[in-house]
Each structure stands twice: as structure tokens, then as C-alpha cells.
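Just so you know, all these numbers are worked out from the coordinates, no wet-lab data involved. Here the structure is a predicted model, which means the values were calculated and not measured. Counting neighbours? That spans all protein chains shown, and the Cβs are built from the backbone with ideal geometry, glycine included.
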Amino acid sequence: MSKRSKLPEKAARMPDLQEAAKQIAIEEYAREVRRIRGESARSHRFTALLNALFGVQPGFIEQYVNGIEKYLKVEGKDRMLRGRADQFSGNLIIEFERDISSQGRLAEAEEQLRRYTACAWSNEPPDHRTPFLCLATDGLRFRAYAPLARGPEAAAIKPDDVELRLVEELNVAKVQWSEFFYFLDRYLQRQEVLAP
């Protein structure tokens, strides 16, 4: 029989250093992106945040960077539709604007997302179109959309044929860091193409 210790046992828990690093990275990002005015600079700062949060996963940041400023084009009989998406990888299209709290800027971002989705869908067979997800953001505010085609059986899709249905909104300044992390994880860390 062993002798009972007179020292009280306490549950010990090691701090999760990765969680602390994520929190610091997101809080620094939120502070810095408020001061950045240009959409290109905000996009680059967002890429740096993704590297801090998800860069340890092999190939993630390389795949993300390969989709920056992706050129999309479709030629029709009487028109050519083209554009340069701020970010296009997998089934995610991201459009950065300077300030999406402005109705005009938000409308511009949505129009560009419709155009990029129409370009991508017009290059795919109607019965095997990718179920895209679209994000409009200024780096602080994020709006996630599920695009739907009016007349999905058509071979060529015009931007006016694309309807953007709002799925989720998030403002980095108004949520806990963990909520923003899981928002990014939901949209950027999918390993397979999922229907919205």
C-alpha cells in the first residue's frame, strides 16, 4: 500500500501557444488594416495574416498566392468578358475594395464578383459548373455570397445572369478573434469543393 501524499493535487494545464499566436496575429492585423487605405495594400496585409495563421500547412500559402490577380476571360460570338480577380483559387473568389461599408463600393465589388463568376462558369460545361463561394471585403468587413445562375443550362453566362445570395457577414472589429479565425478557416481551409 502506498503512502498518501499530503500535498493536494491540482489539475495542470499547459497553455496552448498556437492559440495565443493566432490571437496576437489577428489583433495586430485588425489594428494595422484600419490604417491602410489602398485595396492592394489591404490584400497584401491579408495574405501576411493568412501566412501567420495557416502558413504551417504545406502548400497553403503557395496555392493562395498563385490565385492572386488571376486573369479570367471568355470570348463569345458578339462579346468578350474578362477581368482580373483579386483572389481566385479552388471555388473561392475574393474581391477587395477600399471600403465596403460604402454602398457604391459594395455594389462595385458585387458586380466584379458576378463578372468573375460568369467568366468562370462560361468556361465550364453547364452540367458540371463549380459551386463557387464569393467574398467581398475591405479587410475589416467580410461578406460571403453563394452565386446562383439564372438559366443555369445556358452555355454562356452573363454577369446579369448571376445572382449573389448573402450567406454570412462579419466585421473583424466587432467579433472575438476566434470567431474571425473560424470564419477564415471555413472559407479558406476547405480540402474539397463544397456546395454552398
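Here are a few things to note about the model shown:
- Distant-in-sequence amide H partners of residue 133 (H built 1.01 Å from N, under 5 Å): 92, 93
- Listed values for segment 40-50 are Karplus-derived 3J(HN,Hα) couplings in whole Hz (6.51 cos²θ - 1.76 cosθ + 1.60, θ = phi - 60°), namely 5, 5, 5, 4, 5, 5, 5, 4, 4, 4, 4, and x replaces Gly and Pro.
- Residues of segment 117-141 with an amide N closer than 19 Å to a point placed 7 Å from the Cα of residue 160 along the Cα-to-Cβ direction: 117-122.
- Between the beta carbons of residue 47 and residue 130, assuming R0 = 22 Å, the FRET efficiency works out to 0.45 to the nearest 0.05.
- Residue-span extension gain [residue 182 to residue 57] - 0.36 nm each, minus C-alpha spacing: 43.4 nm
- Calculated FRET efficiency for the pair residue 153/residue 174, C-beta based, R₀ 30 Å, to 0.05: 0.15
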